[in-house]
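The values are calculated or read from the model by the stated rules, or taken from the named source; none is laboratory data. Being a predicted model, the structure only gives us computed values, none of them experimental. Because the Cβ atoms are built from the backbone with ideal geometry, glycine has one as well, and the counts that use them run over all protein chains shown.
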Amino acid sequence: MSSSSLPSSDALSLPLAIAHRGLSAYAPENTLAAVRAAHEAGLSWVELDVQLLGDGTPVIWHDASVNRCSDGRGRLKNLDLATAQALDTGSWFNACFANERMATLEDMLTLLSSLGMGLNLELKLSPGHDVQALIDAVIPMAVTHLPAECLIISSFDPQALRLTRQQNAVVNIGLLYDDIPKDWLVLADELSAVSVHADWRALTRVAASDVAASGRKLLCYTPNDAAAFAPRWAWGVDAVISDDPSIFSEESPSVISTTEQSSC
């Protein structure tokens, strides 16, 4: 692969604020309703989680089980699509979301494409799940539905990201960390990663400066207190992933309002 064909952070169309699991402060996380709510709020990008059901269907879901965010119980790897979509995944959040259903990746990508929204898709590897099966199911579908500048594939799992790069030479890859390790650049260079995603509470000025110097985007999750986060903008943070992105609309002169955000 020539250097001219390598993924570049310059091609990404990122806003300053991305909706975490959809607009999860106001709608049940990782649902179609949460993405619609983000769009209605004027947001142009969302962050979502994807993993596989037991029958191999990729679905938008964070936990290893359905216990927290549905009216059912059980591990995701033990469910097929019919059983999973029989669950109510909205009432736990608020009664007005009763009968919301678990979203398949395909349905979510179709919605995002129709709304012209960008996606940071996190690959989730719950215990007992097959990483190769996840990559084979997710990556071709994601790159077919969304343009390159509107898609980042991220994960805490280096093997998942290596398999992603093997699957697709040009998809945008983001390295996901709690605390950015000292050797992060080795993996970033190996994978031609375009972004680094870090827990804002663990971010240091030195690590932020190193990411900026590498030419990669720096994203921070999940700040929900604009005042507490404010000093980190000066460190070179490019975007935040927040449950309520609207709180950042007037935090800094560099932070654009929701009506001015980039559109994919």
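Things to note:
- Residue match in the stretch 21-30 (condition: in contact (Cβ under 8 Å) with a residue 60 or more places away in the chain, farther than 24 Å from L134 by Cα, surrounded by 24 or more Cβ atoms within 10 Å (Cβ to Cβ) and among the aliphatic types (A, V, I, L, M)): yes
- Looking only at the stretch 169-223, residues that are part of a helix (DSSP H, G or I), within 19 Å of the chain's Cα centre (by Cα) and small (G, A, S) come to 1 in all.
- Residues being closer than 23 Å to D243 by Cα and either among the hydroxyl-bearing types (S, T, Y) or in contact with a Lys or Arg (Cβ under 7 Å, 6 or more places away or on another chain) (or both) - total across the stretch 158-193: 2
- Qualifying positions in the stretch 133-154 - more than 18 Å from L14 (Cβ to Cβ) and touching a Ser or Thr at 6+ places or on another chain (Cβ under 9 Å): I135, A137, V138, I139, H145
- The single condition from (1) surrounded by fewer than 17 Cβ atoms within 10 Å (Cβ to Cβ); (2) at pLDDT 95 or above that S2 fails is (2).
- Any hit, the stretch 39-47, residues being small (G, A, S) and either in a strand (DSSP E or B) or farther than 23 Å from S246 by Cα (or both): no
- Taking the listed residues M141, M108, the one that is crowded, with 19+ Cβ neighbours inside 10 Å, assigned to a helix (DSSP H, G or I) and hydrophobic (A, V, I, L, M, F, W, C) is M108, with no other qualifying.
- Filter result (free of Cβ contacts under 8 Å to residues at least 12 places away in the same chain and within 22 Å of L146 (Cβ to Cβ)) within the stretch 74-118: S114
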